[in-house]
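Note sheet for the following structure.
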Amino acid sequence: MTGAVEAAKVGIIMGSRSDWETMRHASETLEALGVAHECKVVSAHRTPQRLYDYATGAVDRGLKVIIAGAGGAAHLPGMAASMTRLPVLGVPVESKALKGMDSLLSIVQMPGGIPVGTLAIGKPGAINAALLAASILATTDEALAQRLDAWRAKQTNDVAETPE
């Protein structure tokens, strides 16, 4: 069907609009790899029903991976993971008070039985979350696997052998 939009495979959620400055890097990376995704503000604290509906409905809507960015107390990734069987990748958003260490520790210290793949703080974590989501999807999508291989080859080729 001409002009049809592919259903999102990756959900990018964040606790507030201000987290977009970090999480946009995940979206841009997925766009560069041709991975259909959606972006939503879903606060664990301010919109708990929205979070519940999003996480419990993710499988039925066709999502395969969720990337959750959160700052401060950073409960969003863990709460989402507790409500879905999908892999949840947590991105700590840099906070003003503790430079994202509070977010990192909140996301990485999940109790046994509720796994969250935790990435680096800020932009590098958002990019790597997108690459990890693409890698997960590429295990069953040969075309995406080829695009991911090409992306990685370009990254390697872009590293100069000399500092000049």
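The values are calculated or read from the model by the stated rules, or taken from the named source; none is laboratory data. Here the structure is a predicted model, which is why all the values come from computation and not from measurement. Methodologically, a virtual Cβ is constructed for each residue, glycine included, from the backbone with ideal geometry; neighbour enumeration extends over all protein chains shown. We work out accessible area using only protein heavy atoms, side chains counted, and drop any ligands, DNA or RNA first. Shrake-Rupley method; radii C 1.70, N 1.55, O 1.52, S 1.80 Å.
Data for the structure
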item: Selected residue [in contact (Cβ under 8 Å) with a residue 60 or more places away in the chain and open to solvent by 20 Å² or more (accessible area, probe 1.4 Å)] from G34, G71, G62; result: G34
item: Filter result for the condition that a residue is touching a residue at least 24 places away in the same chain (Cβ under 8 Å) and not aliphatic (A, V, I, L, M), over G122, G113; result: G122
item: Top-ranked residue of segment 109-119 - restricted to ones that are within 14 Å of G69 (Cα to Cα) and of a type in the set (A, V, I, L, M), ranked as surrounded by the most Cβ atoms within 10 Å (Cβ to Cβ); result: L119
item: Check on G125, at pLDDT 95 or above, outside any helix (DSSP H, G or I) and buried (at least 19 other Cβ atoms within 10 Å of the Cβ); result: no
item: Enumeration of residues in segment 98-152 that are touching a helix residue (DSSP H, G or I) at 6+ places or on another chain (Cβ under 6 Å) and charged (D, E, K, R); result: K123
item: Some residue of segment 88-110 being closer than 24 Å to L33 by Cβ, in contact (Cβ under 8 Å) with a residue 60 or more places away in the chain and among the aliphatic types (A, V, I, L, M); result: yes
item: Some residue of segment 153-160 being within 22 Å of L33 (Cβ to Cβ), in contact with a helix residue (DSSP H, G or I) (Cβ under 9 Å, 6 or more places away or on another chain) and open to solvent by less than 50 Å² (accessible area, probe 1.4 Å); result: no
item: Residues (touching a strand residue (DSSP E or B) at 6+ places or on another chain (Cβ under 9 Å) and farther than 22 Å from L30 by Cα) located in segment 52-77; result: A74
item: Among the candidates S43, S106, S95, residue that is touching an Asp or Glu at 6+ places or on another chain (Cβ under 7 Å) and buried (at least 16 other Cβ atoms within 10 Å of the Cβ); result: S95
item: Hey, L51 within 14 Å of S16 (Cβ to Cβ) and aliphatic (A, V, I, L, M) or not; result: yes
item: Unmet requirement for A133, which otherwise passes all of (1) more than 18 Å from the chain's Cα centre (by Cα); (2) assigned to a helix (DSSP H, G or I); (3) among the small types (G, A, S); result: (1)
item: Any hit, segment 86-106, residues being hydrophobic (A, V, I, L, M, F, W, C), closer than 25 Å to G57 by Cα and part of a helix (DSSP H, G or I); result: no
item: Matching residues in segment 128-152 - criterion: being farther than 18 Å from L76 by Cβ and open to solvent by less than 40 Å² (accessible area, probe 1.4 Å); result: L131, A134, S135, L137, A138, L144, A145, L148
